[in-house]
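S.K.: Following this message is one structure expressed as structure tokens.
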Amino acid sequence: MKPNQIATLVLRLLGIYCLIQVIPTLSTVTTTVSFAQTYPVDGREHMLSNVAIIMVAILPLACRLALGILLLVRSQTWGERIMPKGLSEENITAISFEQAQALAFAVAGILIFSDALTSLFRSIYNLINWFEIQKNHPELQSDYTWRTGLTAFGALAQAVLGLALFFCSHGFVNFWRSLRNYGTPKLPGN
């Protein structure tokens with residue numbers, strides 16, 4: 001197999017993984033929707049709160065589903081982006097160590113991003129509430145609100161790291177190589 005074919009295969013497997021991860025999320029969504037329907041709505045604020053709760057439950061499901069479908073549909077183009085075709089690649093059956101590293105960083109990025117999707121939208125919702133409390137009700141600041149805010153930032157950072165590892169895998173390989181070469185002493189006369 002050529003390197004871009006291996007990358008395409010791995011991306012398709014990751015797409016299937018993301019689609020399989022949708023299944024456990026379905027139970028969370030059904031539970032949240034049933035809870036929101038039984039929650040009494042006695043004003044516009046409560047109705048908006050129910051809509052926000054439902055959206056926070058549905059968005060991770062929809063994003064994982066979209067990510068899985070995107071990985072399946074776009075796997076060939078993204079595989080060629082991760083492992084660009086070389087000029088002398090007609091009969092190559094092995095991939096280089098750098099190509100394997102780039103593929104490993106891309107796979108790690110997808111897995112990290114997929115894992116972050118479960119808490120990403122809840123964290124964004126918590127961040128919005130945290131900023132609102134900080135701005136409008138500074139007297140309500142507590143350790144709990146700070147913990148909630150920092151946890152939300154952590155989930156957002158996890159999602160950004162996953163996307164960066166996937167889309168910039170060659171940059172991470174180059175950075176990794178520079179770290180490895182940085183501490184290597186040079187021989188005298190070279």
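The values are calculated or read from the model by the stated rules, or taken from the named source; none is laboratory data. Because the structure is a prediction, the values reported are computed rather than measured. When we count neighbours, we look across all protein chains shown, and the Cβ atoms used for this are built from the backbone with ideal geometry, even at glycine.
S.K.: Just name the residue that is modelled with the lowest pLDDT out of those in the range 154-190 that are of a type in the set (Gly, Ala, Ser) and in contact with a Gly (Cβ under 8 Å, 6 or more places away or on another chain). Working first, answer last.
M.R.: Of the residues in the range 154-190, the ones of a type in the set (Gly, Ala, Ser) are 154-155, 157, 159, 162, 164, 169, 171, 178, 183, 189.
Now drop any that are not in contact with a Gly (Cβ under 8 Å, 6 or more places away or on another chain), which leaves 162, 164, 169.
Details: Gly162: 87, Ala164: 90, Ser169: 84.
The qualifying residue modelled with the lowest pLDDT is Ser169.
S.K.: Report, by residue number, each residue of the range 118-136 that is within 11 Å of the chain's Cα centre (by Cα) and at pLDDT 80 or above. Can you show your working first?
M.R.: At the first step, the residues of the range 118-136 found to be within 11 Å of the chain's Cα centre (by Cα) are 118-120.
Ser119, Leu120 - these are the residues of the range 118-136 that are within 11 Å of the chain's Cα centre (by Cα) and at pLDDT 80 or above.
S.K.: Would you please list the contacts, defined by Cβ atoms under 9 Å and residues six or more apart or on different chains, that run from a residue in the range 40-59 that is farther than 15 Å from Ile128 by Cα to a residue that is at pLDDT 70 or above and assigned to a loop (DSSP other than H, G, I, E, B)?
M.R.: From the range 40-59, no pairs qualify.
S.K.: Let me ask something else. Would you pick out the residues in the range 25-83 that are among the aromatic types (Phe, Trp, Tyr) and modelled with pLDDT of 85 or more?
M.R.: Answer for the range 25-83, where residues must be among the aromatic types (Phe, Trp, Tyr) and modelled with pLDDT of 85 or more: just Trp78.
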